[in-house]
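Chemist: Take a look at the following structure, please.
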Amino acid sequence: MSSSHDTPSHVQSTLAISPLFQRTGANNDDNARNNGAGNFTGGNIVGGRNNTSHITQTPHQDRSPLVQKIRDVSHLATPAIMRHNGTAGSSLLTSMTKNGLFGPALPSTLRKTSTSTETAELNSSTNDNDLDHASDEVLDVSELSSVEKLRLWRHDALMQHHYKTAEHIGDIIYSMTKDPNDAFWLAQVYYNQGSYIRAVELIFSDQLDSESIMCRYLAALCLFKLNKHEEAIDIIGDTNPFQTEPTALGNTDGGVKLESSMCLLRGRIYIALSNMDRAKECFKEAVQVDVKNYEAFDYLLSKHLLTTAEQWDLVRTLQFNDLDDNEEMIRCLYISRLSKYQRQTEIETASKVLTEKYYLKENRTVLLAEIELLNNQSKFTQCMKLCEQVLEADEYNIEVLPIYIQCLHSFGAKNKLFLLSHKLAENFPKSPVTWFAVATYYLCMGKISEARKYFSRSSIMDPSFGFSWLGFAHTYVAEGEHEQALSAYSTAARFFPGTHLPYLYLGMQYNKMDDLSLAEEYFMMAYDMCPTDPLLLNELGVVYFKRQNYIKAKKYMKRAHDAIKNMKSESKAWISIVINLGHTYRKLGEDERAVKCFKTVLESSKPNATIWCSLGFLYLRMKKIEKSVDSFHKALALDQGNQAANKLLKTALEINAHMLLDEDHPMMISSNIRTIPASSIFNNDKKRTALGVNTFDPVTEAKRLKQGISDHEGDSMDIE
């Protein structure tokens, strides 16, 4: 788009018109139009305030005299502008702190980078002393034109949040210049005040949206804040109007390209309109246009818009080489944020580079990546400890708080949840995280209806907040309301197409309803997105177990067991996985492996009557009668009403009574018994017949046990 004014293009940022920004290589012919701001020759000020007959154009297209001079940078957080090989290494000045802008003194004078040195002189100068001498030149504010002084005044007031002052001076400047760039800064003041409608009226009244890309972007952003989403889309377009232009155009001012910002805004609008597919494409385009647009990248991950495979595909397409010497660091930061279900080695390598090479061990983004990894591995103790470390420095970190709340729930930390909920409700009553914390507290207390109420409130505040949608659905599961749970999980699956969890939970509900076909269908949809989740693999194994396809059940349960073992997880889910694997081995006749699984469970968890009963049954089938009887007794000691254990114990005792002892049995050796009189067996049978067990055939029962058949297998020994 052409304009009579020198406004930034779509490949530039707003830094291009900042009064504290230096541009190089500008066309000197444009300076002839700046009569009111002084006559420029080769970037030097010849005349200043004495030539301000009329201001018609901004003076920022050349080396602006408003660029700071940094004489002593020892007190600054960021270094002074460095020049390498005669070119400006950075166009940004210093930090945006008061000292960074004006040094320790009051802003009555400006320290600036020398503007009197020609580009040719800089190219030919290799003497460090000459550069140091040139950098010591100071330009007094009195040398600036009147409009430049006003622009500086407006900018400093905006930075110090003196919005009334910034509005007053900005209005004066725009009345003098009618420059779209000055209109943009005045509209920016309105935006920061929350006066979105005034900003829109200012831009539209002078048709600045058709003259300046920045003004068009700001107008759309204000309409978005006013919830006028359709109008905002009309302003910036439903697609990127610059996508057909060459993508090789780089951004030389160091900021985020306006084209990328417009793509980001377009994606936010589509999220508000619940069009997740279009939002995903817009966010992807935003970060592909300019890799510095981290917000677009964060939207894709935090809103679960990309699957794990899509995340890695996106990272491979990003132009990290635009970042120069920051390329490796930013690449590793982006990789560390990706899904932790796959390629954990690459993610750990990236984190190692960040901590060891760039000393970012305490950086919150790096810590967040580690927290997400620990949470996925169900290492809740370590995860909660690291969360508390981050929250100690940043108590209300919105990215860490949801994971921390989950950890508190897993440990049943009701008091901590109560205190955290009250703090959040007091300080952030309009945040969805606040009511997610409140809902989690009530869920922990067993107050399901109250929990559902606050999960719903959180999801209404931000429909793209996935934690609340899943929690809302879980409340229906807790009450056995499968139909409502299915509806809630389906909504979550539509809002968050990048995560497999809604499909996993949908499959679990259909599994509970014994609709194995639909259960398998949803599990396979989740499996396509995340084939490494142990919980998902276990659920697939359960479906095949119920279908009596024990070979497939064994395959998935073994993979689940191996995955959970490698994670060294603290989750109680691993117990169910091992139990289910044991039952699968039992069905396949692999008794030794089944016994090993059940022993592992008994050694690592609380005593369980069902497990002892299952173990006793295996010993009975393996003809280890003594161990079998002992296991059944332990099961009945824990649960006297266990009918399966009672029946199997009687069976074991019957078999034991009719079995001939081997010659090397201890009882045979100690008593020198070699044979059992037939009359004794006859009398024993007669006694048992009187007890009403004459229908028992020990030979037949032994054969049935050997073949893995028993009438005593029931729900008490079923999978979990």
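Quick note: the coordinates plus some simple rules give every number you see, no bench work behind them. Computed from a prediction, not measured in an experiment: that's the story for all the values here. Cβ atoms come from the backbone with ideal geometry, glycine included; neighbour counts cover every protein chain shown.
Chemist: Output the pairs from Lys587/Lys647; Lys558/Lys650; Lys423/Lys565; Lys284/Lys379 with a Cα-Cα distance over 28 Å in this structure; if there are none, say none. If you can, show how the numbers build up before the last one.
Modeler: On the way: Lys587/Lys647 20 Å; Lys558/Lys650 34 Å; Lys423/Lys565 38 Å; Lys284/Lys379 32 Å.
Listed pairs above 28 Å: Lys558/Lys650; Lys423/Lys565; Lys284/Lys379.
Chemist: Enumerate the amide H contacts of Leu360 below 5 Å, restricted to partners 5 or more residues apart or on another chain; note that Pro and chain-start residues carry no placed amide H.
Modeler: Thr355
Chemist: Also: Sum up the charges of everything whose Cβ sits under 11 Å from the Cβ of Phe472, counting Lys and Arg as +1 and Asp and Glu as -1, but leave Phe472 out.
Modeler: Working: positive: Arg452, Lys453, Arg457; negative: none.
That works out to +3.
Chemist: Using a 10 Å cut-off around each Cβ, can you sort Tyr190, Tyr442 from fewest to most neighbouring Cβ atoms?
Modeler: Details: Tyr190 23, Tyr442 20.
The fewest-first ordering by Cβ neighbours comes to Tyr442, Tyr190.
Chemist: Between Lys453 and Leu273, what FRET efficiency comes out of the Förster formula 1/(1 + (r/R0)^6) with R0 = 30 Å and r the beta carbon distance, rounded to 0.05?
Modeler: Working from the Cβ atoms, E equals 0.70.
Chemist: Please list, ordered by chain and number, the residues whose modelled amide H lies under 5 Å from the amide H of Leu305; skip anything fewer than 5 residues away on the same chain.
Modeler: Gly498
Chemist: Using a Förster distance of 51 angstrom, determine the FRET efficiency expected from the C-beta separation of Asn192 and Met622, and round it to 0.05.
Modeler: Details: r = 77 Å, r/R0 = 1.51.
With a Förster radius of 51 Å, E is 0.10.
Chemist: Once you have the Cα-Cα distance between Gln484 and Tyr359, take 0.36 nm times their residue separation minus that, and quote the gain in nm to one decimal.
Modeler: Numbers: separation 125, 0.36 × 125 = 45.00 nm, distance 4.89 nm.
Roughly 40.1 nm would be gained on extension.
Chemist: So which trypsin sites (Lys or Arg not before Pro) in the range 330-406 end up in coil per DSSP with only 13 or fewer other C-beta atoms within 10 Å?
Modeler: Lys357, Lys361
Chemist: Now for a different question. Between Ala309 and Phe204, how many nm apart are label points set 7 Å from Cα along the C-beta direction?
Modeler: About 4.6 nm separates the two model spin labels.
Chemist: While we're looking at this one, here's another question. Between Lys565 and Glu328, what is the label-point separation in nm under the 7 Å Cα-to-beta-carbon projection?
Modeler: In this crude label model, Glu328 to Lys565 measures out at 3.8 nm.
Chemist: Also, quick follow-up: Separation between the Met525 and Arg494 pseudo-spin-labels, each 7 Å from Cα along Cα→Cβ, expressed in nm?
Modeler: 1.2 nm
Chemist: If I histogram all Cα-Cα distances within the range 220-323 using bins 5 Å wide from 0, what percent of pairs lands in each bin?
Modeler: For the range 220-323, the binned pair fractions read 2, 13, 24, 24, 19, 11, 6, 0 percent.
Chemist: Ok, one more. Which whole-Hz ³J(HN,Hα) couplings does the range 614-622 yield from phi under the Karplus relation 6.51 cos²θ - 1.76 cosθ + 1.60, θ = phi - 60°, glycine and proline marked x?
Modeler: 5, 5, x, 4, 5, 4, 5, 5, 8
Chemist: For the range 615-639 and the range 357-389, what is the centre-to-centre distance using only Cα atoms, to the nearest Å?
Modeler: First find each Cα centre; the distance between them is then 45 Å.
Chemist: Could you tell me which of Gly466, His422, Leu486 has its Cα farthest along the dipole of the range 412-487 towards the positive end, charges placed at Cβ (Lys, Arg +1; Asp, Glu -1), taken about the Cα centre?
Modeler: His422
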